[in-house]
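Written out below as structure tokens is the structure these notes cover.
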Protein chains: 2
Amino acid sequence: MNIEQAAKQLEALGNPTRLQVYRTLVRAGDSGLPVGSLQEKLGIAASTLSHHLHRLILTGLVTQERQATTLICRANYPAMDSLVGFLVDECCVDAPCAVGEGEAAA
Amino acid sequence: MNIEQAAKQLEALGNPTRLQVYRTLVRAGDSGLPVGSLQEKLGIAASTLSHHLHRLILTGLVTQERQATTLICRANYPAMDSLVGFLVDECCVDAPCAVGEGEAAA
DNA sequence: AGGCTATTTCGACGATCGTTGAAATAGCCT
DNA sequence: AGGCTATTTCAACGATCGTCGAAATAGCCT
């Protein structure tokens, strides 16, 4: 995980609408959610949702799988995991802090 | 931590320059770093840095303390901690994943 | 007070974002 | 083939961003 990639993912999550989309997907778990359901749940224009979804997919945070005419969206857990890892990564290289208590600097 | 706040913080970290600033501060640890040193390290205009720093401070990710004429900047670890917590929070409410293995849903 | 250094504020610029409705496309079903 | 639903692409818009240099301010020191 380089800094450019991390910044792109953070930027992708840094929009309220997109963060909501992402969280909804996270909650939905492995079964995922069709674009249409997502749209209903969030109450935004289909084109807007499609746009945001596209960005989320570009950064690797979300994946899609076709099932007939509907597209199932899923949160990409490992991607988030490694993003969080990056955030905590260099934490406290020479100072104590609450987060990395011995695992980050190991 | 609400979604608006989280989005603001993620957006703040979602700019390569700002993420670099933040990470530099994280590495610097509790002793922090003066604005000037930060500027030298990153090689950007002072006004640009000041602007980014301001955004980071507004979201609560960074704090400043005055020491005579120089301003010491510090990463706010607890803030990052709670942001990461938010990200992992609702993870896998009804599906298994690698990240939250029993702590998030507790 | 006067000067000096550190930092911020101001003003500007092109670039990107976020949103939408309308139109185009994808893929099923009869 | 023809129609139907799901989703994306297009075109557009005002709004915000990221960057900079120049000018203003903050606070110390003599």
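The values are calculated or read from the model by the stated rules, or taken from the named source; none is laboratory data. Every value quoted in this text rests on a predicted model; they were computed, and no experiment measured them. Note: ideal-geometry Cβ built from the backbone for every residue, glycine included; neighbour counts use all protein chains shown. Ligands, DNA and RNA are stripped out before the accessible areas are found, and what is left, the full protein with its side chains, is counted by its heavy atoms. Shrake-Rupley method; radii C 1.70, N 1.55, O 1.52, S 1.80 Å.
Just a few scattered comments:
Every residue, every condition in (1) within 15 Å of the chain's Cα centre (by Cα); (2) modelled with pLDDT of 95 or more, yes or no:
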residue	(1), (2)
B:GLN20	yes, yes
B:SER31	no, no
B:HIS52	yes, yes
B:THR59	yes, yes
B:VAL84	yes, no
B:ALA98	no, no
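- Residue check: B:LEU53 meets all listed conditions (1) open to solvent by 40 Å² or more (accessible area, probe 1.4 Å); (2) within 12 Å of DNA strand D (Cβ to nearest atom) but one, namely (1).
- Of the helices (runs of 4 or more DSSP H) lying entirely inside segment A:1-98, those containing at least 2 residues that are facing chain B (nearest Cβ under 9 Å) and within 25 Å of B:THR24 (Cβ to Cβ) are A:3-13, A:77-89.
- Residue match in segment B:11-25 (condition: β-branched (Val, Ile, Thr) and in contact with a Gly (Cβ under 8 Å, 6 or more places away or on another chain)): no
- Here A:GLN64 passes the criteria (1) touching a Cys at 6+ places or on another chain (Cβ under 6 Å); (2) under 23 Å from B:ASN2 (Cβ atoms) except the one numbered (2).
- The set of residues in segment B:1-41 that are under 13 Å from B:ARG55 (Cβ atoms) and open to solvent by less than 70 Å² (accessible area, probe 1.4 Å) comprises B:GLN9, B:LEU10, B:ALA12, B:LEU13, B:GLY14, B:ASN15, B:THR17, B:ARG18, B:LEU19, B:VAL21, B:TYR22.
- Leading residue by the ranking (farthest from B:ALA75 (Cα to Cα)) among those in segment A:86-96 that are open to solvent by less than 60 Å² (accessible area, probe 1.4 Å) and at pLDDT 80 or above: A:PHE86
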